[in-house]
Amino acid sequence: MTIIAGFSSSRQGTAPLHLAARIARWTGETVVAAAVVEQPWPAKDDPIDREYLRYVTAEASRALEGVVAGLPGDLDIPTVVHRSTSIPTGLIELVAAHDATLVVVGSSSSGLLGRVALGSVTERLVHTAAVPVAIAPRGYPPVPGPIRRLTAAYGGEADVNGLIAATAEMAARWPVTWRIVSFTVRPVSRFGGAIEQSTEDLVVRQWTRRTTDDIARQLDAVRARIPVPDVDVEIGSGTDWRAAVEAVSWEPDDMLVLGSGAAGPAAHVFLGSAASKILRHAPVPVMIVPRHTPAT
């Protein structure tokens, strides 16, 4: 099993490699550190263009090997420099070539430090990849230990992707704890008037009860097929998405798992609108998984 860790000296820095190393310590998989060099298509038969492409490829290889050499020495991480028409296309090609189970990328350099932010590369990747995509927060540092807890963001009726089953299988295979969190945004006003607090509380309690019942039914279905580790169920509620995400506790060893949106193709990752809002405020790495096919 292989993890492709995308590296870009100009865009994402070393954060993807740091996260990939942590995941590998958790899963036991091999990390391949990859840099993609963009080349024109169709290729131009021009000596100057060829020489420039050779130079860029050599520089990418030098930078990548230098970064890998500076990582903790407990993992053997091979490197590869791949030429493709775009970085997302190149990463997807590398996933296919290495039969990878996961691709890890970094956040946009324009995002907040310590937060996950999609850029042009990650935006396209999370809407086209056929394997899970993990995104490191901007500036994600090297950490010697593994990921220790998965947090699945359950989306209620829109959660048609089998996220609970997918994270249950991961939690059963790897030494992690597991929790399921559902986020809700509480309105502060409607039509210019305040909502009665008691009415709002009643609505939230009813929604919470319905959501926890739905989660329990899905867990029962999964337990009928595989052993399911103990799981905590929590509700994150706030007046906006940031407040809802911050309403639950987060630890440095957490990873948030999001499922593909209902509008996406069945075999690919597709980030829905609610998931995008949750991702934007996540203080930990995020993994986005395609619709789940039960393991046999």
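The values are calculated or read from the model by the stated rules, or taken from the named source; none is laboratory data. For clarity, every value in this text was computed on a predicted model and none was experimentally measured. In this analysis, Cβ positions are derived from the backbone assuming ideal geometry, glycine residues included, and neighbour counts consider all displayed protein chains. Ligands, DNA and RNA are stripped out before the accessible areas are found, and what is left, the full protein with its side chains, is counted by its heavy atoms. Shrake-Rupley method; radii C 1.70, N 1.55, O 1.52, S 1.80 Å.
Below is a table of values for the structure above.
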quantity: Checking Ala172 against (1) assigned by the TED database to the domain that holds Leu256; (2) open to solvent by 10 Å² or more (accessible area, probe 1.4 Å); (3) in contact with a Lys or Arg (Cβ under 9 Å, 6 or more places away or on another chain), the condition it does not meet; calculated: (3)
quantity: Failed item, numbered, when Val131 is tested on (1) open to solvent by 40 Å² or more (accessible area, probe 1.4 Å); (2) in a loop (DSSP other than H, G, I, E, B); calculated: (1)
quantity: Contacts under 6 angstrom Cβ, first residue in segment 224-253 being open to solvent by 70 Å² or more (accessible area, probe 1.4 Å), partner at pLDDT 90 or above, 6 or more apart; calculated: Asp232/Arg179; Arg242/His281
quantity: Restricting segment 91-105 to residues that are without any contact (Cβ under 8 Å) to a residue 40 or more places away in the chain and out of contact with any His (no Cβ under 9 Å at 6 or more places or on another chain), the residue that is surrounded by the most Cβ atoms within 10 Å (Cβ to Cβ); calculated: Ile92
quantity: Filter result (among the aliphatic types (A, V, I, L, M), assigned to a helix (DSSP H, G or I) and at pLDDT 85 or above) within segment 160-205; calculated: Leu163, Ile164, Ala165, Ala166, Ala168, Met170, Ala171
quantity: Selected residue [surrounded by 22 or more Cβ atoms within 10 Å (Cβ to Cβ) and under 19 Å from Pro144 (Cβ atoms)] from Ala35, Ala5; calculated: Ala5
quantity: Contacts under 8 angstrom Cβ, first residue in segment 106-122 being assigned by the TED database to the domain that holds Ala20, partner part of a loop (DSSP other than H, G, I, E, B) and surrounded by fewer than 14 Cβ atoms within 10 Å (Cβ to Cβ), 6 or more apart; calculated: Ala117/Ser110; Gly119/Ser110
quantity: Near pairs, Cβ below 9 angstrom, 6+ apart or cross-chain, from segment 28-49 (more than 21 Å from Val133 (Cα to Cα)) to any residue that is of a type in the set (A, V, I, L, M, F, W, C) and open to solvent by 70 Å² or more (accessible area, probe 1.4 Å); calculated: Asp49/Ala43
quantity: Residue in segment 152-167 that is among the β-branched types (Val, Ile, Thr), open to solvent by less than 70 Å² (accessible area, probe 1.4 Å) and either farther than 17 Å from Leu256 by Cβ or assigned by the TED database to the domain that holds Glu38 (or both) present; calculated: no
quantity: Some residue of segment 112-125 being among the polar types (S, T, N, Q), assigned to a loop (DSSP other than H, G, I, E, B) and closer than 19 Å to Met255 by Cα; calculated: no
quantity: Count of residues meeting criterion [among the β-branched types (Val, Ile, Thr) and surrounded by fewer than 12 Cβ atoms within 10 Å (Cβ to Cβ)] in segment 198-223; calculated: 1
quantity: Check on Arg83, in contact (Cβ under 8 Å) with a residue 24 or more places away in the chain and buried (at least 18 other Cβ atoms within 10 Å of the Cβ); calculated: no
